[in-house]
Amino acid sequence: MTRSRRRWQDQVVAHLDLIDPDDATGLLKEEYDAAVERAGQVFNIVSSMSLRPGVLRRSMEMYKAIMFGPSGLSRQERELLATVVSATNECHY
């Protein structure tokens, strides 16, 4: 089975208004601060949810449960699985 490759330059991309870390307040500031502590910066995947900080918080809780919670897979196996899925989906993160 041959998979066609998507060409980003041929695609229309939606524009999202994002809240800059310097402008964040309340729950969003807490999430941004946690992101900086965890990863050294606020990555786009985090800021893409900036208009819905409650959704961002729940998303991060789910991520932590999947990546760090009890599992039959090691942490390294989970990271490898995430990498393979991202590559298969042509995710550029």
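The values are calculated or read from the model by the stated rules, or taken from the named source; none is laboratory data. All of these numbers come straight from a predicted model, not from anything done at the bench. Neighbour counts are summed over all protein chains in view; Cβ atoms, including those assigned to glycine, are modelled from backbone coordinates with ideal geometry. Each accessible area value is taken on the protein alone, full model and side chains, heavy atoms only, with ligands, DNA and RNA left out. Shrake-Rupley method; radii C 1.70, N 1.55, O 1.52, S 1.80 Å.
General observations
- The length gained on full extension between GLU37 and ARG78, counted as 0.36 nm times the residue separation minus their Cα-Cα distance, comes to 12.6 nm.
- Surface share of carbon and sulfur [accessible, 1.4 angstrom probe, percent] for the stretch 26-78: 58 percent
- GluC sites (Glu not before Pro) restricted to the stretch 52-93 and DSSP loop, no more than 10 other C-beta within 10 Å: GLU90
- Rounded accessible area per residue of the chain, 1.4 Å, Å²: 81 Å²
- Calculated [θ] (222 nm, deg cm²/dmol) that DSSP helices of n ≥ 4 give over the chain, each run adding -39,500 (n - 2.57): -16000 deg cm²/dmol
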